[in-house]
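Here's the structure we're looking at; comments come further down.
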Protein chains: 2
Amino acid sequence: MAAFHSIEPPPLTESLVDLVAQRFRVLGEPMRIRLLDRLREGEATVGELQQALGASQQNVSKHLGILHAAGMVSRAKRGTSVVYTIADPAVFDICDQVCGGIRRQIAGLESILQTSLPA
Amino acid sequence: MAAFHSIEPPPLTESLVDLVAQRFRVLGEPMRIRLLDRLREGEATVGELQQALGASQQNVSKHLGILHAAGMVSRAKRGTSVVYTIADPAVFDICDQVCGGIRRQIAGLESILQTSLPA
DNA sequence: TGGCTACACAACCACATGCTTGTGCTAGAG
DNA sequence: CTCTAGCACAAGCATGTGGTTGTGTAGCCA
């Protein structure tokens with residue numbers, strides 16, 4: 001377990017690097033971001049998510065399967081439906097940080113525009 | 001700017017979702033993770049990064065270009081070399097959180113293995 | 001000036017991935 | 001038992017992306 005401490009920077013193991021990259025790539029699809037954002041409001045069935053995002057049932061199911069395989073959401077059969085829930089709330093902290101980085105970037109761009117376009 | 005507040009969950013704008021996804025995808029490549037991890041120790045030239053990762057010069061340069069376009073690293077010409085530096089330290093906080101998520105996941109898997117494999 | 005080093009850029013190929021179409025499976029309604 | 005709704009899985013196509021090869025360019029050095 002000592003290999004996963006990030007306090008003292010150890011040169012990341014190759015397998016750990018792959019795990020991190022894979023996890024990032026799961027979050028690197030707009031559809032999955034939207035699914036997680038919708039699930040932020042609470043649990044939802046596949047049909048509800050499908051209607052909320054305006055996508056095909058198969059596509060929604062596929063992305064939900066990827067999110068489930070990554071351990072970010074959890075399934076639960078309820079009648080004929082399947083209810084999905086956020087399994088790892090830490091995903092939102094990560095998204096917030098990414099949004100923060102984007103916000104800083106945009107702020108920087110705006111300051112440049114304001115200085116170069118005095119009009 | 002009100003569109004980027006994440007305190008009260010607003011339904012993410014489509015363009016913002018794409019930005020977030022794109023940013024995640026930049027971090028979704030093992031080579032780029034390794035580059036950032038190496039740059040964590042301090043600035044480095046392309047040649048040093050190339051030797052540290054054991055990759056081709058063109059490939060390293062390509063990934064560095066992507067990281068630079070994403071605003072995560074910054075260039076600086078020094079003689080004939082080009083020195084790269086971490087431009088947005090927040091990336092490491094994100095990586096740490098992802099590592100934390102993986103750690104929790106592995107811990108969960110271990111507990112399952114220990115209960116199902118008493119030997 | 002000629003050559004060399006260090007790096008970036010562009011074209012190409014191979015592979016991974018997203019979306020659609022088609023289909024199978026399960027649970028409830030009748 | 002049959003029918004339907006809800007969902008997951010598999011194949012196929014189109015696109016995006018990583019890696020290599022080849023080449024152009026800028027900055028030293030002799």
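The values are calculated or read from the model by the stated rules, or taken from the named source; none is laboratory data. Predicted model only: the values in this text are computed from it and were never measured. Backbone-built Cβ (ideal geometry, glycine too); neighbour counts: all protein chains shown. Surface areas here come from the heavy atoms of the whole protein model, side chains and all, with no ligands, DNA or RNA. Shrake-Rupley method; radii C 1.70, N 1.55, O 1.52, S 1.80 Å.
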Kindly indicate the residue of the stretch B:70-92 that is of a type in the set (A, V, I, L, M, F, W, C) and within 9 Å of DNA strand C (Cβ to nearest atom) and also farthest from the chain's Cα centre (by Cα) among those meeting that condition. B:Val82
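Quick one: would you say A:Ser56 is without any contact (Cβ under 8 Å) to a residue 60 or more places away in the chain, closer than 20 Å to B:Leu19 by Cα and open to solvent by 40 Å² or more (accessible area, probe 1.4 Å)?
Working: without any contact (Cβ under 8 Å) to a residue 60 or more places away in the chain: yes; closer than 20 Å to B:Leu19 by Cα: no; open to solvent by 40 Å² or more (accessible area, probe 1.4 Å): yes.
No: the conditions fail for A:Ser56.
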Please list, ordered by first then second residue, the pairs with beta carbon atoms under 9 Å, 6 or more apart or interchain, first in the stretch B:25-38 and facing another protein chain (nearest Cβ under 7 Å) and under 10 Å from A:Leu12 (Cβ atoms), second open to solvent by 40 Å² or more (accessible area, probe 1.4 Å) and in a loop (DSSP other than H, G, I, E, B). B:Ile33/A:Leu12; B:Arg34/A:Pro11; B:Arg34/A:Leu12; B:Asp37/A:Pro9; B:Asp37/A:Pro11; B:Asp37/A:Leu12
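Suppose we filter B:Pro10, B:Pro30 for residues that are open to solvent by less than 50 Å² (accessible area, probe 1.4 Å) and at pLDDT 95 or above; which single one remains? Explain how you work it out, then say what you get.
On the way: B:Pro10 fails: at pLDDT 95 or above.
The unique qualifying residue is B:Pro30.
Please state which one of A:Gly101, A:Gly108 is without any contact (Cβ under 8 Å) to a residue 12 or more places away in the chain, more than 16 Å from DNA strand C (Cβ to nearest atom) and crowded, with 19+ Cβ neighbours inside 10 Å. Reasoning before the result, please.
Values: A:Gly108 fails: crowded, with 19+ Cβ neighbours inside 10 Å.
Testing whether each residue is without any contact (Cβ under 8 Å) to a residue 12 or more places away in the chain, more than 16 Å from DNA strand C (Cβ to nearest atom) and crowded, with 19+ Cβ neighbours inside 10 Å leaves just A:Gly101.
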Among the helices (runs of 4 or more DSSP H) contained in the stretch A:42-119, which hold 3 or more residues that are modelled with pLDDT of 95 or more and away from chain B (no Cβ under 11 Å)? A:46-53, A:57-69
